[in-house]
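Taking it in order: structure first as structure tokens, then the write-up.
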Amino acid sequence: MLARGGIGELMTGVCVVCTLVGLWLASASPAVGQGNVPDATFVPGEVLVLMKPGVVGRLAGQAVAGGAPGVTAVRSVRYSRLLRLSVTPGQESAVIAHLSASGAVDIAALNHIVYAQEVPDDPDYGLQWALPKIEAPAAWDVVTGTRAITVAIVDSGLDTAHPEFSGRVVAPRDVVYDDGDPEDPCGHGTHVTGILGATGNNAIGIAGMAWDVNLMPVRVLNERCSGSEADVAAGIAYAVAHGAHIINLSLGGDTPLPCEDTFRVMSQAVRDAHAGGRLVVAAAGNYGAGRLLCPARQVEALAVGATMPDDARAEFSNYGEGLDLVAPGEGIYSTLPGDDYGEKSGTSMATPHVAGLAALVWSLSPDLTRDEVRDILETTADDLGAPGWDADFGFGRINASNALVPDLIARGQAAPNPVVAGQQLTYTLTVSNVGPLTATGIVLTQTVPAGLEIALVSAGCSSADEMITCTTDSLPPTRAVQFQTVANVPEPTRGVITSYVRVAALQPDPPGGNTDGVTSTVTAGTSPVTETLWLEQAVTPTVPVIGQPLTYTLTAANLACAGGAEARGVVLSDSLPVGVTFGQALAGPGVGCSHTEGPGGGQLVCDLGTVGTCGQATSTAVVQLVVTPTIIGPITNTACLGSQRTGPNAVCVLEPVTVRTLYYLPVIRREADSGEVIAFP
């Protein structure tokens with residue numbers, strides 16, 4: 001264990017102030033107004049070693065120390081596979097080269113330094129302008145958080161005695177000094193934590209984004225708001241081991257190389273957290289550069305830039321490839337040590353706005369996966385700059401109100417397209433809920449092009465004049481529902497026809513995606529009516545469990561009636577989703593099915609032969625597809641039907657479900673003996 005103050009000796013010559021971090025390489029030039037270039041990019045006399053999984057305990061330390069010349073001491077890092085080696089200064093590269101050849105070592109690298117860097121305050125913006133800008137008050141009408149969700153703030157620590165955090169601090173840790181008292185020597189972590197989770201409606205101070213979630217302060221930065229890569233990696237591992245759902249990293253390091261090539265240990269810690277289902281939210285950087293810091297640049301992290309009160313990109317905010325979202329980061333008023341409050345600016349301040357909103361979304365719908373939470377934040381953001389994703393704003397500035405209501409998307413598909421006059425046209429209509437809240441009272445309407453005659457509609461739908469109305473009682477998050485309608489296309493219809501689809505629910509719904517236009521081209525033909533292919537898909541059970549069989553029932557039919565033709569050469573194809581293993585396909589007499597390995601769960605193809613016209617015994621064919629889910633989260637099965645006349649994929653239907661776990665195992669932990677590494681599965 002280091003004595004307090006000892007780490008400062010390792011950082012001699014580093015000039016840093018608060019708000020975000022950036023590793024200055026020797027070749028880098030300082031951004032204007034950002035202070036001096038630090039004198040060091042790594043901790044001298046230290047090497048980091050990440051052992052391979054399964055190489056644990058004292059054997060790891062003995063193997064490293066016994067075989068690497070220049071190693072003077074070995075320390076294990078709790079809750080990870082990481083060892084910190086003390087080596088003879090100047091021998092770091094030799095030790096790394098020696099250990100990299102070991103079959104027991106995943107990574108051997110320098111212990112790089114990360115920094116927090118402050119942008120000057122602008123007091124004219126007032127107090128907490130950010131919350132109404134992102135519509136947080138409307139979000140609090142829905143949810144203010146829950147103690148079932150824990151957010152780790154891996155930073156400079158926290159003033160745990162501040163009244164804004166009373167009763168909500170869990171599992172605090174000081175990684176720098178290896179104890180349970182994460183006192184904040186520079187104020188950065190306390191300010192970040194206040195933005196994320198200061199208690200609201202307590203008649204004092206301010207309100208954070210998520211008032212009622214658990215806060216896990218993990219100190220990894222020193223009194224200068226800088227710290228080592230090893231401590232950041234250890235802090236991330238600690239947060240994962242102690243049940244954090246979200247990890248806020250208002251810190252990082254700069255390098256022109258991929259993050260994995262410079263910050264190898266920290267990057268691996270982020271990958272491990274991501275693999276464990278955690279949402280890692282990281283600051284983009286404060287240098288106004290077109291390159292994100294690490295780990296924000298990693299695909300596993302949600303990268304956050306900063307905006308001004310007028311929604312312009314903050315001048316200091318880094319931008320470019322990999323930027324996911326932006327949030328207010330200029331003149332943000334929040335908590336400071338000593339029961340105090342004050343303003344700071346930076347992408348460090350933007351990041352906890354996003355992490356806090358993620359905590360609200362997860363509080364509202366705890367069964368969502370990490371990727372579903374991330375998608376909700378991105379799809380409900382207010383689009384700024386160029387339409388869609390852009391380098392300055394990513395997918396946009398977060399909107400808390402939009403993120404906490406159902407978000408319905410309507411899509412339509414017509415087949416065959418083009419269609420021959422005298423045939424029938426089948427519309428497949430899909431409504432998806434990409435928001436975190438169950439939508440109720442859903443109404444889907446479809447306008448049928450003038451001149452077409454409605455022939456058939458799905459259960460749950462009705463028709464009147466040229467309007468079809470379909471309803472469903474509720475649609476949970478990440479689920480979708482499909483309807484099909486069939487219309488006759490009489491002579492002398494020609495040219496392009498358009499059907500419009502619109503969806504609404506009882507709850508407010510963010511704009512965008514609620515309408516869709518489905519166009520078809522009608523051509524002349526000699527056959528008055530051919531076959532009309534129809535495909536339905538059902539799943540059992542509707543709430544599948546990982547590792548247990550799941551059955552998709554696919555019903556193919558030819559709906560052509562008076563004057564219709566039998567469908568010949570009918571083929572049913574099914575693209576199995578990622579995350580399932582194929583079991584078997586059960587079909588009736590005369591139907592041959594074959595499965596081939598490929599992307600996802602592979603491809604199932606069933607030859608249905610000739611399907612008769614409606615009313616005939618041969619007008620329907622049923623195939624049951626049995627698979628076993630191997631992942632937890634959403635999966636979507638896609639089935640298509642085609643014939644000799646229509647060609648392949650004339651009608652396609654989707655069936656999304658969310659796979660759950662059967663039960664949760666408690667995490668059993670124990671403290672490490674001195675010099676021992678504990679491996680966590």
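The values are calculated or read from the model by the stated rules, or taken from the named source; none is laboratory data. What you see is a predicted model; the values in this text were computed from it and never measured. Positions of Cβ are backbone-derived with ideal geometry, glycine not excepted, and every protein chain shown enters the neighbour counts.
Has the stretch 517-528 got at least one residue that is buried (at least 18 other Cβ atoms within 10 Å of the Cβ) and at pLDDT 85 or above?
Within the stretch 517-528, the first condition is being buried (at least 18 other Cβ atoms within 10 Å of the Cβ), and the residues that meet it are 518, 520, 522.
Imposing the further condition that a residue be at pLDDT 85 or above reduces the set to none.
Looking for residues that are buried (at least 18 other Cβ atoms within 10 Å of the Cβ) and at pLDDT 85 or above, one finds none in the stretch 517-528, hence no.
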Worksheet entry | helices (runs of 4 or more DSSP H) lying entirely in the stretch 123-204 (those with 2 or more residues that are more than 30 Å from Ala241 (Cα to Cα)) | 130-133, 136-140
Discussion item. Return the residues of the stretch 331-341 that are among the hydrophobic types (A, V, I, L, M, F, W, C) and either crowded, with 24+ Cβ neighbours inside 10 Å or part of a helix (DSSP H, G or I) (or both); say none if nothing qualifies.
Written reply: Ile332
Worksheet, complete the sentence: Output for Cβ contacts, cut-off 6 Å, separation at least six or different chains, first residue assigned by TED's automatic domain parsing to the domain that holds Gly583 in the stretch 544-557, second acidic (Asp, Glu), reads Thr555/Glu536
Item to complete: Considering each residue of the stretch 320-330, count those that are surrounded by 24 or more Cβ atoms within 10 Å (Cβ to Cβ) and either over 27 Å from the mean Cα position of the chain (by Cα) or part of a loop (DSSP other than H, G, I, E, B) (or both), and give that number.
Response: 2
Discussion item. I'm told Asp383 meets every condition in (1) of a type outside the set (Gly, Ala, Ser); (2) surrounded by 24 or more Cβ atoms within 10 Å (Cβ to Cβ); (3) without any contact (Cβ under 8 Å) to a residue 24 or more places away in the chain except one. Can you identify the failing condition by its number?
Written reply: (2)
Item to complete: Answer yes or no as to whether Val74 is in a loop (DSSP other than H, G, I, E, B) and modelled with pLDDT under 80.
Response: no
Discussion item. Given the condition closer than 30 Å to Gly145 by Cα and of a type outside the set (Gly, Ala, Ser), answer yes or no: does some residue in the stretch 453-474 qualify?
Written reply: yes
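Can you confirm whether Ser365 is touching a Phe, Trp or Tyr at 6+ places or on another chain (Cβ under 9 Å), crowded, with 19+ Cβ neighbours inside 10 Å, touching a residue at least 12 places away in the same chain (Cβ under 8 Å) and assigned by TED's automatic domain parsing to the domain that holds Ser250? Spell out the reasoning first.
On the way: touching a Phe, Trp or Tyr at 6+ places or on another chain (Cβ under 9 Å): no; crowded, with 19+ Cβ neighbours inside 10 Å: yes; touching a residue at least 12 places away in the same chain (Cβ under 8 Å): yes; assigned by TED's automatic domain parsing to the domain that holds Ser250: yes.
Against the criterion (touching a Phe, Trp or Tyr at 6+ places or on another chain (Cβ under 9 Å), crowded, with 19+ Cβ neighbours inside 10 Å, touching a residue at least 12 places away in the same chain (Cβ under 8 Å) and assigned by TED's automatic domain parsing to the domain that holds Ser250), Ser365 does not qualify.
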Response to the item:
Conditions (1) closer than 29 Å to Ile497 by Cβ; (2) at pLDDT below 85; (3) crowded, with 21+ Cβ neighbours inside 10 Å -> Leu429 fails only (2)
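Can you find even one residue in the stretch 342-365 that is assigned to a loop (DSSP other than H, G, I, E, B), on the phi < 0 side of the Ramachandran plot and over 13 Å from the mean Cα position of the chain (by Cα)? Talk me through it step by step, then tell me what you get.
So the first thing to find is which residues in the stretch 342-365 are assigned to a loop (DSSP other than H, G, I, E, B), and the list is 346, 365.
Still in the running and on the phi < 0 side of the Ramachandran plot: 365.
With the extra rule that they be over 13 Å from the mean Cα position of the chain (by Cα), the set shrinks to 365.
Yes - at least one qualifying residue is present in the stretch 342-365.
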Discussion item. With the requirement that a residue be surrounded by 18 or more Cβ atoms within 10 Å (Cβ to Cβ) and of a type in the set (A, V, I, L, M), what does the stretch 572-598 give you?
Written reply: Leu572, Leu576, Val580, Ala585, Ala587, Val591
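Rundown of residues vs (1) over 25 Å from Pro185 (Cβ atoms); (2) among the polar types (S, T, N, Q); (3) in contact (Cβ under 8 Å) with a residue 60 or more places away in the chain, yes/no style:
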| position | (1), (2), (3) |
| --- | --- |
| Ile206 | no, no, yes |
| Ala210 | yes, no, yes |
| Asn214 | no, yes, yes |
| Glu223 | no, no, yes |
| Ser228 | no, yes, yes |
| Val232 | no, no, yes |
| Ala241 | no, no, yes |
| Leu251 | no, no, yes |
Discussion item. As an exercise: evaluate Ala567 against (1) at positive phi; (2) surrounded by 14 or more Cβ atoms within 10 Å (Cβ to Cβ) and give the number of the one condition it does not meet.
Written reply: (1)
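For residues that are β-branched (Val, Ile, Thr) and surrounded by 24 or more Cβ atoms within 10 Å (Cβ to Cβ), scanning just the stretch 200-221, find the one that is nearest to the chain's Cα centre (by Cα). Even if it seems obvious, please write down each step before you answer.
Our first condition is that a residue be β-branched (Val, Ile, Thr); within the stretch 200-221, this holds for 204, 206, 213, 218, 220.
Now drop any that are not surrounded by 24 or more Cβ atoms within 10 Å (Cβ to Cβ), which leaves 213, 218, 220.
Values: Val213: 19, Val218: 23, Val220: 25 Å.
Only one residue tops the list, namely Val213.
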Discussion item. Of all residues being free of Cβ contacts under 8 Å to residues at least 40 places away in the same chain and assigned to a loop (DSSP other than H, G, I, E, B) in the stretch 386-418, which is surrounded by the fewest Cβ atoms within 10 Å (Cβ to Cβ)? Just the residue, please.
Written reply: Pro387
Worksheet item: So is Thr498 over 28 Å from Phe395 (Cα atoms), at pLDDT below 90 and part of a strand (DSSP E or B) or not?
Response: yes
Worksheet item: What is the residue count in the stretch 145-182 for residues that are within 21 Å of the chain's Cα centre (by Cα) and polar (S, T, N, Q)?
Response: 2
Item to complete: Only residues that are farther than 30 Å from Val657 by Cβ and in a loop (DSSP other than H, G, I, E, B): list them for the stretch 441-479, please.
Response: Val448, Pro449, Ala450, Gly451, Leu452, Asp465, Glu466
Worksheet item: Any residue in the stretch 596-614 that is modelled with pLDDT of 90 or more, touching a Pro at 6+ places or on another chain (Cβ under 9 Å) and not hydrophobic (A, V, I, L, M, F, W, C)?
Response: no
Response to the item:
Flagged in the stretch 300-319 as surrounded by 19 or more Cβ atoms within 10 Å (Cβ to Cβ) and among the aliphatic types (A, V, I, L, M), in numbering order, are Ala301, Leu302, Ala303, Val304, Ala306, Met308, Ala314
Discussion item. Can you go through Pro510, Pro492 and tell me which one is surrounded by fewer than 13 Cβ atoms within 10 Å (Cβ to Cβ) and outside any strand (DSSP E or B)?
Written reply: Pro492
Item to complete: Would you be able to say whether some residue in the stretch 629-636 is surrounded by fewer than 16 Cβ atoms within 10 Å (Cβ to Cβ) and of a type outside the set (Val, Ile, Thr)?
Response: no
